[in-house]
Amino acid sequence: LIFAVIVYSSFTGLSALSTHWTHLAACRFLGAIGLGGAWPLSVALLVETWPDKYRSVLAGLMGAGANVGFLIAGSFARLMENYSWRWVIAMGFVIGMSSLLVIVFVPEPTKWKLSRQKQQRSNLGELFTPRYARSTIVGTLLSTIALLGTWGSFLWLSTYVDQIAEGTKYQNSARATVAIWQSYGQIIGGFLGGVLAGWMGNKSSWRFLCVMAWASVLALFWFNTTFGYPMVLMGAFAGLFVTAFFGWLPKFLPELYPTRIRATGQGFSFNAGRIVAGFGVLGAGRLVEAFDGDYRKGMMVMCSIYLLGLIVILFAPETGGKMVSDEEDEAAMAAQAK
């Protein structure tokens, strides 16, 4: 985890020194690799350290915490709107490296230590054995839907805002204003995602979030053709449901695997989802081109990805809200060895 934080913080900082778009792209790519490692390791560290009864709240706090960062970034961007964007990127480096002051004092989870003592190592290939293949495939698809719904539709709101605010008195502040209010909704949503999963159950809460995310994003782009406070408030409301998935996933994904492959399994599912969603975002750009540069129409189509989530969740394993116990895993391994 420490190594992952150093990687994404360092390359985020180097992004601020870029003199060509290729430099920026390379730094963002390498920084994203570090971030992709930090997320599953952080989730595993939390769920293996705290008692099970707190997992829903912890998952929600993790989802909310990421969006506190977005709020800070949006607020800082607004303060620095008359200065270079490089200062905003540099702030990411400072905050990322500062987190190491906390991480170095966090002990390794007892569950992980016991697993290591038994010489139980993670094996990427095991994620696709009959025992875990279903979990891995479904986890990847759910992550893809959550990420593509966010990146492919909702996060284009800032670009759309720039388009419709151009030439108005809001053109210099509209993007930052929307980002700040989005973050308010996202902080609440990130927390509620984990809590709802614990209260309603994984599948029921997922269905609820898919319907609400689709409806709120559709309404956001449907009803707002000019920039104003209705758009700002509807953006915050949509952000609540769109981001709730990132409190839901830290609750659900760890339940699919035992300690020895938990970080590997949830890391693969989430990051494979990131890769697929990344290609999907490119498709979203082509979709906007097909609508003659109309972001509004393109995003109203893209948000339908959430409806696909209603189908995928039907194939999700029933976890009963509990993680795979190490004892159950050891028994299965022993039976397989016979």
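The values are calculated or read from the model by the stated rules, or taken from the named source; none is laboratory data. Note that the structure is predicted; figures quoted are calculated from it, not measured. Neighbour counts run over all protein chains shown; Cβ positions are idealised from the backbone, glycine included.
Please enumerate the residues belonging to region 44-88 that are of a type in the set (Asp, Glu), surrounded by fewer than 17 Cβ atoms within 10 Å (Cβ to Cβ) and assigned to a helix (DSSP H, G or I).
Taking region 44-88 as the starting set, the residues that turn out to be of a type in the set (Asp, Glu) are 48, 52, 81.
So of that shortlist, the ones also surrounded by fewer than 17 Cβ atoms within 10 Å (Cβ to Cβ) come out as 52, 81.
Of everything in region 44-88, just one residue is of a type in the set (Asp, Glu), surrounded by fewer than 17 Cβ atoms within 10 Å (Cβ to Cβ) and assigned to a helix (DSSP H, G or I), namely 52.
Kindly establish whether residue 1 is modelled with pLDDT under 85 and not aromatic (Phe, Trp, Tyr).
Numbers: modelled with pLDDT under 85: yes; not aromatic (Phe, Trp, Tyr): yes.
Yes.
So is residue 191 in a helix (DSSP H, G or I), touching a residue at least 24 places away in the same chain (Cβ under 8 Å) and touching a helix residue (DSSP H, G or I) at 6+ places or on another chain (Cβ under 8 Å) or not? Give the steps one after another, and end with the answer.
Details: in a helix (DSSP H, G or I): yes; touching a residue at least 24 places away in the same chain (Cβ under 8 Å): yes; touching a helix residue (DSSP H, G or I) at 6+ places or on another chain (Cβ under 8 Å): yes.
The answer is yes for residue 191.
Taking only region 200-219 into account, find how many residues are of a type in the set (S, T, N, Q) and surrounded by fewer than 15 Cβ atoms within 10 Å (Cβ to Cβ).
Initially, region 200-219 is screened for residues of a type in the set (S, T, N, Q), giving 202, 204-205, 216.
With surrounded by fewer than 15 Cβ atoms within 10 Å (Cβ to Cβ) added as a condition, the list becomes 204.
Qualifying residue count for the region: 1.
Output the residue which, of all residues in region 256-285 that are buried (at least 23 other Cβ atoms within 10 Å of the Cβ) and among the charged types (D, E, K, R), is modelled with the highest pLDDT.
262
Take the conditions surrounded by 13 or more Cβ atoms within 10 Å (Cβ to Cβ), in a helix (DSSP H, G or I) and over 15 Å from the mean Cα position of the chain (by Cα) and apply them to residue 41. Does it pass? Step through it out loud before you land on a result.
Numbers: surrounded by 13 or more Cβ atoms within 10 Å (Cβ to Cβ): yes; in a helix (DSSP H, G or I): yes; over 15 Å from the mean Cα position of the chain (by Cα): no.
Judged against the criteria, residue 41 is not a match.
Taking the residues in region 52-86 that are of a type in the set (A, V, I, L, M, F, W, C), at pLDDT below 80 and touching a helix residue (DSSP H, G or I) at 6+ places or on another chain (Cβ under 6 Å) as candidates, determine which candidate is nearest to residue 180 (Cα to Cα). Before the answer, list the steps.
Just the residues of region 52-86 that are of a type in the set (A, V, I, L, M, F, W, C), to begin with: 57-59, 61-62, 64, 66, 68, 70-73, 76-77, 79-80, 85.
Subsequent filtering for residues that are at pLDDT below 80 retains 66, 70-73, 76-77, 79-80, 85.
After this cut, where a residue has to be touching a helix residue (DSSP H, G or I) at 6+ places or on another chain (Cβ under 6 Å) as well, the list is 70-71, 76-77, 80.
Working: 70: 8, 71: 5, 76: 10, 77: 10, 80: 14 Å.
Among residues in region 52-86 that are of a type in the set (A, V, I, L, M, F, W, C), at pLDDT below 80 and touching a helix residue (DSSP H, G or I) at 6+ places or on another chain (Cβ under 6 Å), the one nearest to residue 180 (Cα to Cα) is 71.
Of everything in region 204-255, what is of a type in the set (Ser, Thr, Tyr) and at pLDDT 90 or above? Give them in sequence order.
Filtering region 204-255 for residues of a type in the set (Ser, Thr, Tyr) gives 204-205, 216, 225-226, 229, 243.
Of everything in region 204-255, those that are of a type in the set (Ser, Thr, Tyr) and at pLDDT 90 or above turn out to be 204, 205, 216, 243.
Go through region 236-269 and count every residue that is aromatic (Phe, Trp, Tyr) and either in contact with a Phe, Trp or Tyr (Cβ under 6 Å, 6 or more places away or on another chain) or outside any helix (DSSP H, G or I) (or both). I'd like the intermediate steps shown before the answer.
Of region 236-269, the ones aromatic (Phe, Trp, Tyr) are 237, 241, 245-246, 248, 252, 257, 268.
Now restrict to residues that are either in contact with a Phe, Trp or Tyr (Cβ under 6 Å, 6 or more places away or on another chain) or outside any helix (DSSP H, G or I) (or both): 257.
Total satisfying the criteria: 1.
I need the full set of residues from region 1-27 which are surrounded by fewer than 17 Cβ atoms within 10 Å (Cβ to Cβ) and free of Cβ contacts under 8 Å to residues at least 60 places away in the same chain, in order please.
If the condition is that a residue be surrounded by fewer than 17 Cβ atoms within 10 Å (Cβ to Cβ) and free of Cβ contacts under 8 Å to residues at least 60 places away in the same chain, then 3, 18, 19, 20, 21, 22, 23, 24, 25, 26 are the ones that fit.
State yes or no: is residue 96 part of a helix (DSSP H, G or I) and at pLDDT 85 or above? Explain how you work it out, then say what you get.
Values: part of a helix (DSSP H, G or I): yes; at pLDDT 85 or above: no.
Against the criterion (part of a helix (DSSP H, G or I) and at pLDDT 85 or above), residue 96 does not qualify.
Just wondering, is there one or more residues in region 173-184 that are charged (D, E, K, R) and within 21 Å of residue 69 (Cβ to Cβ)? Don't jump to the end; show me each part of the working.
First, pick out the residues of region 173-184 that are charged (D, E, K, R): 175.
After this cut, where a residue has to be within 21 Å of residue 69 (Cβ to Cβ) as well, the list is 175.
Yes.
Against the definition (of a type outside the set (Gly, Ala, Ser), crowded, with 23+ Cβ neighbours inside 10 Å and either assigned to a helix (DSSP H, G or I) or within 17 Å of the chain's Cα centre (by Cα) (or both)), how does residue 231 come out, yes or no? First the steps, then the outcome.
Working: of a type outside the set (Gly, Ala, Ser): yes; crowded, with 23+ Cβ neighbours inside 10 Å: yes; either assigned to a helix (DSSP H, G or I) or within 17 Å of the chain's Cα centre (by Cα) (or both): yes.
Taking the combined requirement at face value, the residue satisfies it.
What number of residues within region 200-228 satisfy the criterion of being within 18 Å of the chain's Cα centre (by Cα) and polar (S, T, N, Q)?
Qualifying residue count for the region: 2.
Of the residues 33, 72, which single one is closer than 26 Å to residue 241 by Cβ and free of Cβ contacts under 8 Å to residues at least 60 places away in the same chain? Working first, answer last.
Numbers: 33 fails: closer than 26 Å to residue 241 by Cβ.
On inspection, the qualifying residue turns out to be 72.
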